[in-house]
Amino acid sequence: MFTVKFFARHSVLACSLFFSASFLHAETIQHPTISTESDKYAAGLLKKAIQTANASLILSESEIAANNQRAIHMLEDKELDVLWLATSTELEDSFIPVRIPIYKNLMSYQKLLVNKNSGLTATLADVDQFETLRKLKLGVVRYSNHSSILQTQQMNLVSTVKAINLLSMLEGGRFDAMPIPIASVSDILSNHPELEVVPNLVFTWADPTYFFVNIDNPELAQLITKGLTQMLESGQFDAYFKASNLALSSLPELSSESNKIIEVANIHLPKKTPLSQSKLWIKASNKEILLSSL
C-alpha cells in the first residue's frame, strides 16, 4: 500500500503528523495521461495540492486517459494511484472520493452545438418549455453521466460509445444538436466552421469531477484532501482556477447577463455531494432561470 512521504520543518511537528511517513525518499504517484486542457488542469491542481500538503511526491504520467474504462480497472488494480472522473454512486462505492469538485462544476455548464444550416439557432432563441427541447435529437456518449442525466428528463438521445464520433455524426445530420462544455466551444468552432452554438442558451446540472484513489489507500486521499482544503482556505484554489485556460475561455461567456439558464436535475447524484458548500461551485452571474427540472 502507498505510504505518504513528506518533509517537516521540525521533528516535533513530524511526530504529530497524521499520515504515515518516511523521510528517506519520495514516492511516485501514477496518474492518467494529459491529453486535453481539462487533464492539464487536473494534473496541475493535483501537483499543487500535494505541494501545499508539504508532501514529497513525484507525479508520473501513465499512457491511459482518465475517461478510459481501462483507467478505472487500473485504479482498482493499483496500477494507477489517482484518477479524476465525474462522480457516480458506483465510483464512490468502489473508491475513495475526494469530495472537492476540481472544476467547480464548470464543465457542466454547456451550450448546444448545431449545424449552421439547420435553422435551430433561430428556433431555440425563444424556447420557453422543456417540451420544445424534448423534440430535439441530442447526441451524447453512451453510458456517460450526461447521457443518464438527460435520459431522466425524457430527452430524445442518439448515443455513441466513442466521444470522437459525435462531431462527425452531427455534421452528417444523425442528430440535431449536442451539448458541449462552454470551455470547449472555441476550439470546436475553430476546427468546424460549419457548426455554431445556440447563443445565450446554457444548460447546467450538478456533475462534479473528483480525484479518486484506491480504497486501500486512505493516506493518499487524506493528503489530497488536506492540500485542496488548505488551497481553498488560502485562496490558492480560486486563483489557480481563474487563471486556467478552462476558466479564461468560459467565465466571460458564463457571466453574460443575456444568458438563459436551463437547470437540469441530476437524480443520480450521490447523496454525499457537498451541494451546500457554495465555495466549491461556480455559479452563473445571471440569476434568471429560464427552465428548471429541479
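The table that follows gives values for the structure above.
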{"item": "Whether segment 241-281 is rounded, prolate or oblate, judged on the alpha carbon gyration tensor where a/c under 1.5 counts as rounded", "result": "oblate"}
{"item": "Mean Kyte hydropathy of 1.0 or more with a Cα span along the axis of at least 20 Å, helices from DSSP in the chain", "result": "none"}
{"item": "Contact order relative to length of segment 27-97, as percent, for alpha carbon pairs under 8 angstrom and 6 or more apart", "result": "39"}
{"item": "Loop GluC sites (Glu not before Pro), segment 77-178 (other Cβ atoms within 10 Å of the site Cβ: 16 or fewer; DSSP)", "result": "E79"}
{"item": "In nm, spacing of pseudo-spin labels at Q277 and D126 (7 Å Cα→C-beta vector)", "result": "4.5"}
{"item": "Calculated FRET value between S60 and T152, using beta carbons and R₀ = 41 Å, to 0.05", "result": "0.60"}
{"item": "Inter-site label distance for S118 and E90 at 7 Å from Cα along Cβ, in nm", "result": "2.8"}
{"item": "Charge dipole magnitude, Cβ of K and R +1, D and E -1 - the chain, Cα centre, debye nearest 20", "result": "380"}
{"item": "Footprinting exposure proxy for H146, H73 (fewest neighbouring C-beta atoms within 10 Å first)", "result": "H73, H146"}
{"item": "Global geometry of segment 217-275, whether rounded, prolate or oblate, following the gyration tensor of its Cα atoms and the 1.5 cut on a/c", "result": "oblate"}
{"item": "Neighbourhood charge, 10 Å Cβ-Cβ cut-off, centred on G139 and excluding it, Lys, Arg +1 and Asp, Glu -1", "result": "+1"}
{"item": "Taking the chain and dividing mean pair separation by its residue count, relative contact order in percent (alpha carbons under 8 Å, at least six apart)", "result": "25"}
{"item": "Contact order relative to length of segment 121-276, as percent, for alpha carbon pairs under 8 angstrom and 6 or more apart", "result": "26"}
{"item": "T229-H192 pseudo-label distance in nm [points 7 Å out on the Cα-to-Cβ vector]", "result": "4.2"}
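Computed from the coordinates by the stated procedures, all read-outs in this text should not be read as laboratory data. Quick caveat: nothing in here was measured; it's all calculated off a predicted structure. All Cβ positions, even for glycine, are placed from backbone atoms using ideal geometry, and neighbour counts span all protein chains on display.
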